[in-house]
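Input: a single structure, listed below in C-alpha cells.
The values are calculated or read from the model by the stated rules, or taken from the named source; none is laboratory data. Predicted model, so just to flag it, every value in this text is computed and none were measured. Glycine gets a Cβ as well: all are built from the backbone with ideal geometry, and neighbour counts include every protein chain shown. Quick note on the areas: whole protein, heavy atoms, side chains included, nothing else; ligands and nucleic acids left out. Shrake-Rupley method; radii C 1.70, N 1.55, O 1.52, S 1.80 Å.
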Amino acid sequence: MADQELIPIYIMNKQYLVPPTLTIMRALEYAGYKLIRGVGCRAGFCGACATVYRTAGDYRLKIGLACATLVEPEMYLAQIPFFPAPRAQYHLEELKPDMSALLKTYPEVLRCLSCGTCTKVCPQDIDVKDYMAEAMRGNIAGVADKSFDCIMCGLCAARCPAEEKQYQIAILCRRLYGKYLAPRAEHLHKRVQEIMDGKHDAELIRFKTMSKDELKKAYYERDIEPE
Amino acid sequence: MGYPQYMRDSIAKVEATRPRRLQETFPMLTAQEKQALLEKFHPDYIREAMRELRVGPNKGTRTPHELADLLEARPVLDPKAVNLDNVDYETDVLIIGGGGAGSAAAIKAREAGAKVIMATKLRHGDANTMMAQGGIQAADKENDSPAIHYLDVMGGGGFTNDPDLVEALVKDAPLVIQWLESLGCMFDKQPDGTMITIHGGGTSRKRMHSARDYSGAEIMRTLRDEVRSWPEDIRVIEFAPAVELLMDTNGRVAGAVLMNLETNEYLVVKAKCTIIATGGSGRLHYQNYPTTNHYGATGDGLVMAYRVGARLAFIDTMQYHPTGAAFPEQIVGLLVTEKVRGLGAQVVNIDGEQFVFPRETRDAESAAIIRECVERGKGVTTPSGIQGVWLDSPMIEIIHGPGTVQKELPAMVRQFGRFGIDITKEPMLVYPTLHYQNGGIAIKPDCTTDIPGLYVAGEASGGVHGRNRLMGNSLLDVCVFGRRAGITVGQHFREVTLGKLTLSHLDRWEKELKDAGLDPKVCAPILLPDYTRRKGV
Ligand SMILES: Cc1cc2nc3c(=O)[nH]c(=O)nc-3n(C[C@H](O)[C@H](O)[C@H](O)COP(=O)(O)OP(=O)(O)OC[C@H]3O[C@@H](n4cnc5c(N)ncnc54)[C@H](O)[C@@H]3O)c2cc1C
Ligand code: FES
C-alpha cells in the first residue's frame, strides 16, 4: 500500500488512516476490527451492515451499506448493527390479504406522516414512502411489488419520526401477496398431484436402474429445449 | 469511476462483434473435450492443492489443504472449561445454522410437535441462502418431468451422485415450490399464474424458477419470518455458534456446546436430535480464490461432525462459479448470477470473440475461462492485476427488449451501478470465484448419518450433487433436505432417552492425532475468517 495515499476516517470518532479504495467494511477491518456484528453477506443482500456517517463540511446525515460503500476522506461513521423493531406476532393463515391484516398487526401504519425520510435513507433506493402510502390504502399487492428489493437493514425504521416499522410491514404484505393474491400456477399443482399419485415413479426407476454407460448415453443424447 | 480507457477499448471490440454474435452461439463441448478441459484447467485437478487426510473416518481421502488443516486440527474447546452437569438448555431438537436448510428443518420439526432451538453464528438469515440470485429448479412444466430433471442432475454431477438422494431431490422439487408459495414466497409468474422458468447451466428444460434476482433472499426471508411466527416452540439464539458436538454415553450425538460470540461464554445445549445445517466453506479461500460466500461460511459443521466419526463425501471437489466479478476491485469475487447467461448473454474475450458455449456446466465454463486467460492470454487485465473476460449483458436488452436487465437483474444493476458501471449498456468483467462446497457430510435421503442422533441438511451435506452441482439445485437441496431433516427428527425425538453427556470423543481425537504422529497448531472450527489488515479479500 506504500504507493497509495492513505486517507483519514473516523470510526466512532477515532481517527484511522486507510486506503481510499476500500469499502467501509474493509476499512473497518484494515483499521483492525475483527467484525462480529454488522457483517453478513458482504455483498449487499442481507442488510446486516447499515452504517450512518457524515463527511467534513457537510451538514447532512448520510447512510450506506458498509459492504457496498466506498470510504471518503474525513468520514465520521458508526454502524447500526441492530435496531429494535420487532415483528408483530401473527400466523399467516389467520390473516386476510387486506387492510384488516395491517390494522391487526401494525395499527400504527396509519400514523405515517408521508415525510419521506425513509425513502431518503433507503440504501436500496426503494421509494419506501410510496409503499407506505399503498399500505395505508390497504393495497397489499402494491406494497409487495414496490418493496420487493428490501433487504431489511432497518434504516427506514431507525429514522422514522412516526416510529413505523416499514420493513416489517413490507414483508407481511409480500407474504400475504405470495400466499393469497398471486395468480395460481395450475401446472405446479397438477404436477404435485401426479407425483403424489406415483405417476412419475416408473420413469424415474428406469433411469435409476440404468448402468452408468446407459445413463451417460441417455444424458448426452437428451434433447434440449430451445431458447 | 467506471472502466478506465484501455478497458473501454476492449469493450468497443465487444460491441463491434455483437451484431454478428447475436446470430451465432459457440458449440457445446463433447464429453471428451469437456473431460480434457477439466483435467487441464479446473482447480480441482491441481494435485499440489490437495492432500490425503491422515486421521479420522476419511483417512486417505484427498481434500484441499485449507480444509485438511481444519479437519486434522485440535478442538477449540477445552473439555475442562465446561461443566456438562450444568445444562443451559434442554430441547428435543437442536438445529445448528440459521440459513435455508436450518429454517426449513425448524418449521417441519415444530409441525411434528418438537421443541426446537436454532443456534446460529451471525443473525438468523445471514447465510448463503440469502445471497442466491438466480433461482431454484423444479420440473413442474408440461414438457418436463422429475425423470428428466434426474438425468440433468446426474449428468451435471459427472454420474457420481447418490441416486437415492437425487431421486428425493427431483421428486420433492415441485412439492417444495408449492410449499414455499403457501408460506408466501413470490415467484416470478405470467399474468395467468404460469411460472416463468428459464434455463441454467446444464439444464435440458427451462425449469429455473426465480423471484427477480433476489430468489434466495425471498426464500430466506420468508422462511425466517415463518420461524419467527412460532417463538414458543422455536427459540433462535443468534451470535452463538456451535463449537463442538456433545455425545451421550450410548454413543449418540446429544446436542452441542455453543459459544456466545460477544461474551465468549460457553453454553451447553442438550438435545435428543441434532441437525447440522451450517452451510459451506467458501471463506476458507481454497487455492487463494476469492469467494461469493457469506462471512460465516467456514466449514464448521464438517469439522464438528468429523470428530464424532461422521463420514464425509466428495470433499475433493469445490465449485468455482464461472462468473465472479473481476472489476471493480471492491466487488472482486462477488457473484454475477448465472441468470445473466440464462437470459442470453455470451462470454467473450479481449477481442470480443466467443470461446465457450455460454451454458456449459459450471466446472467446464470455469475451466474454459481460466484457459482463455492463462493459456491463451486473451483475458483483460484490470488495474489491480487480475484477469477476466467479458460477460456481454447488453445483449439481453437486444434479445428480450429494453428494460429487461433492470427488471430481471435489479440486484446486479445495483451492485455495478454503485461503482459507476451500467450493465444495461456495458459488459461486466468476470473470472471464476469460489462458490460452493459440492461435498460434505454423507447423508441418506432422510438426512440421517452414520452417527445416531446426528442429522445433516443443505450445503453441509454431501452426495446429492456428486462432483458438480447445477445452478438452482442448491436452493432446492436446502428446502428438500431441510424439510426432510425436520420431518425425520419429528418422527424420532419421542423415542430418544439420552444417557449421560460426554466430550470423551475429544480425548479419543487427541489420541488419534498422537497415534498418527500429528501435533497440529491449528484449532478448529475457526468460526470467522480474520481479515484484519489483509489485502485483497
Ligand atoms: C452468492 C451466492 C449465490 C447463489 N445462487 C444460487 C442460486 O441461484 N441457486 C441455487 O440453487 N443456489 C445458489 N447458491 C447456493 C445456495 O444459496 C447455498 O448453497 C444454500 O443456500 C446453502 O444453504 P444452507 O442452509 O445449507 O447454508 P447457509 O444458507 O449458508 O446457512 C448456514 C448457516 O449456518 C450458520 N453457521 C455456520 N457455522 C455455524 C456454527 N458453527 N454454529 C452455528 N451456526 C453456524 C451460518 O452463519 C448460516 O447462518 C448461491 C450461493 C451464493 C453464495
Ligand atoms: S453485509 Fe450483507 S448487506 Fe452488507
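Quick test for you: out of A:A101, A:A56, A:A48, A:A27, pick the one residue that is over 27 Å from B:D213 (Cα atoms), within 16 Å of ligand 2 (Cβ to nearest atom) and either touching a residue at least 24 places away in the same chain (Cβ under 8 Å) or outside the structural domain of A:A133 (by TED's automatic domain parsing) (or both).
On the way: A:A101 fails: within 16 Å of ligand 2 (Cβ to nearest atom); A:A56 fails: within 16 Å of ligand 2 (Cβ to nearest atom); A:A48 fails: over 27 Å from B:D213 (Cα atoms).
Just one listed residue meets the conditions, A:A27.
Taken over region B:128-152, residues that are within 20 Å of the chain's Cα centre (by Cα) and either under 30 Å from A:G44 (Cα atoms) or open to solvent by 10 Å² or more (accessible area, probe 1.4 Å) (or both) amount to 11.
For region A:59-68, enumerate the residues that are more than 9 Å from ligand 2 (Cβ to nearest atom) and either free of Cβ contacts under 8 Å to residues at least 60 places away in the same chain or outside the structural domain of A:P19 (by TED's automatic domain parsing) (or both). Break it down into steps so the answer makes sense when it comes.
Let us first name the residues in region A:59-68 that are more than 9 Å from ligand 2 (Cβ to nearest atom), namely A:59-64.
Result: A:Y59, A:R60, A:L61, A:K62, A:G64.
Among the conditions (1) open to solvent by 20 Å² or more (accessible area, probe 1.4 Å); (2) within 11 Å of chain A (Cβ to nearest Cβ); (3) touching a Lys or Arg at 6+ places or on another chain (Cβ under 9 Å), B:V87 misses just one, which is (2).
For region B:314-345, filtered to residues that are of a type in the set (D, E) and more than 14 Å from chain A (Cβ to nearest Cβ), the residue that is farthest from B:G216 (Cα to Cα) is B:D316.
Yes or no: B:G125 more than 8 Å from chain A (Cβ to nearest Cβ), open to solvent by less than 10 Å² (accessible area, probe 1.4 Å) and not aliphatic (A, V, I, L, M)? Taking the combined requirement at face value, the residue does not satisfy it. For region B:188-199, does any single residue satisfy the condition of being closer than 19 Å to B:G458 by Cβ and out of contact with any Cys (no Cβ under 9 Å at 6 or more places or on another chain)? Scanning region B:188-199, I find no residue that is closer than 19 Å to B:G458 by Cβ and out of contact with any Cys (no Cβ under 9 Å at 6 or more places or on another chain), so the answer is no. Kindly indicate whether A:G38 is assigned to a loop (DSSP other than H, G, I, E, B), within 16 Å of ligand 1 (Cβ to nearest atom), open to solvent by less than 40 Å² (accessible area, probe 1.4 Å) and more than 9 Å from chain B (Cβ to nearest Cβ). So A:G38 fits the description; yes.
Checked against (1) under 30 Å from A:A182 (Cα atoms); (2) more than 16 Å from ligand 2 (Cβ to nearest atom); (3) in contact with a Phe, Trp or Tyr (Cβ under 8 Å, 6 or more places away or on another chain), B:D225 passes all but condition (3).
If I filter region A:207-218 for residues that are in contact with a Ser or Thr (Cβ under 9 Å, 6 or more places away or on another chain) and either closer than 30 Å to A:L103 by Cβ or in a helix (DSSP H, G or I) (or both), do I get at least one hit? Within region A:207-218, not a single residue is in contact with a Ser or Thr (Cβ under 9 Å, 6 or more places away or on another chain) and either closer than 30 Å to A:L103 by Cβ or in a helix (DSSP H, G or I) (or both).
Given the condition of a type outside the set (A, V, I, L, M), within 16 Å of ligand 2 (Cβ to nearest atom) and part of a helix (DSSP H, G or I), answer yes or no: does some residue in region B:108-128 qualify? Within region B:108-128, one or more residues are of a type outside the set (A, V, I, L, M), within 16 Å of ligand 2 (Cβ to nearest atom) and part of a helix (DSSP H, G or I).
Would you confirm, using the coordinates I've provided, whether B:R224 is surrounded by 24 or more Cβ atoms within 10 Å (Cβ to Cβ) and either outside any strand (DSSP E or B) or not aromatic (F, W, Y) (or both)? So B:R224 passes the test. Restricting region B:179-196 to residues that are within 12 Å of A:P183 (Cβ to Cβ) and within 7 Å of chain A (Cβ to nearest Cβ) leaves a set whose member that is surrounded by the fewest Cβ atoms within 10 Å (Cβ to Cβ) is B:P191. All conditions in (1) within 14 Å of chain A (Cβ to nearest Cβ); (2) of a type in the set (S, T, Y); (3) open to solvent by less than 10 Å² (accessible area, probe 1.4 Å) hold for B:S384, with the sole exception of (3). If a residue has to be within 7 Å of another protein chain (Cβ to nearest Cβ) and hydrophobic (A, V, I, L, M, F, W, C) to count, how many in region A:198-227 make the cut? Count: 5.
Okay, residues lined up against (1) in a loop (DSSP other than H, G, I, E, B); (2) open to solvent by 70 Å² or more (accessible area, probe 1.4 Å); (3) under 17 Å from B:G301 (Cα atoms); (4) without any contact (Cβ under 8 Å) to a residue 60 or more places away in the chain:
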{"residue": "B:P19", "(1), (2), (3), (4)": "no, yes, no, yes"}
{"residue": "B:M28", "(1), (2), (3), (4)": "yes, yes, no, no"}
{"residue": "B:E48", "(1), (2), (3), (4)": "no, yes, no, yes"}
{"residue": "B:R51", "(1), (2), (3), (4)": "no, no, no, yes"}
{"residue": "B:A68", "(1), (2), (3), (4)": "no, no, yes, yes"}
{"residue": "B:D92", "(1), (2), (3), (4)": "no, no, no, no"}
{"residue": "B:I95", "(1), (2), (3), (4)": "no, no, yes, no"}
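The condition of being in contact with a helix residue (DSSP H, G or I) (Cβ under 6 Å, 6 or more places away or on another chain), at pLDDT 95 or above and of a type in the set (G, A, S) holds for only one of A:A144, A:A182, that being A:A144.
For region B:393-439, a residue qualifies if it is within 29 Å of B:D477 (Cβ to Cβ), in contact with a Phe, Trp or Tyr (Cβ under 9 Å, 6 or more places away or on another chain) and at pLDDT below 95, and the qualifying residues are B:P410, B:A411. Among the residues of region A:72-96, the ones that are within 9 Å of chain B (Cβ to nearest Cβ) and at positive phi come to 0 in all.
Looking across region A:87-107, the residues that are loosely packed, with under 15 Cβ neighbours inside 10 Å and part of a helix (DSSP H, G or I) come down to A:E93, A:E94, A:S100, A:L103, A:K104, A:P107.
Is it the case that region B:459-480 has a residue that's of a type in the set (V, I, T), closer than 23 Å to B:G296 by Cβ, in contact with a strand residue (DSSP E or B) (Cβ under 7 Å, 6 or more places away or on another chain) and open to solvent by less than 40 Å² (accessible area, probe 1.4 Å)? Among the residues of region B:459-480, not one is of a type in the set (V, I, T), closer than 23 Å to B:G296 by Cβ, in contact with a strand residue (DSSP E or B) (Cβ under 7 Å, 6 or more places away or on another chain) and open to solvent by less than 40 Å² (accessible area, probe 1.4 Å), which makes the answer no. Here B:I315 passes the criteria (1) in contact with an Asp or Glu (Cβ under 8 Å, 6 or more places away or on another chain); (2) of a type outside the set (S, T, Y); (3) away from ligand 1 (no atom under 12 Å from the Cβ); (4) within 19 Å of B:D44 (Cα to Cα) except the one numbered (1).
Looking across region A:143-158, just one residue is open to solvent by 20 Å² or more (accessible area, probe 1.4 Å), away from ligand 2 (no atom under 16 Å from the Cβ) and either in contact (Cβ under 8 Å) with a residue 60 or more places away in the chain or under 19 Å from B:I219 (Cβ atoms) (or both), and that is A:D145. Among the residues of region B:277-290, the ones that are touching a Ser or Thr at 6+ places or on another chain (Cβ under 6 Å) and within 8 Å of ligand 1 (Cβ to nearest atom) come to 1 in all.
So, B:I370, is that one more than 18 Å from B:R21 (Cα to Cα), more than 13 Å from every other protein chain (Cβ to nearest Cβ) and assigned to a helix (DSSP H, G or I) or not? In short, yes. Taking B:I441 as the residue in question, decide whether it is more than 10 Å from ligand 1 (Cβ to nearest atom) and either open to solvent by less than 10 Å² (accessible area, probe 1.4 Å) or on the phi > 0 side of the Ramachandran plot (or both). Criteria met by B:I441.
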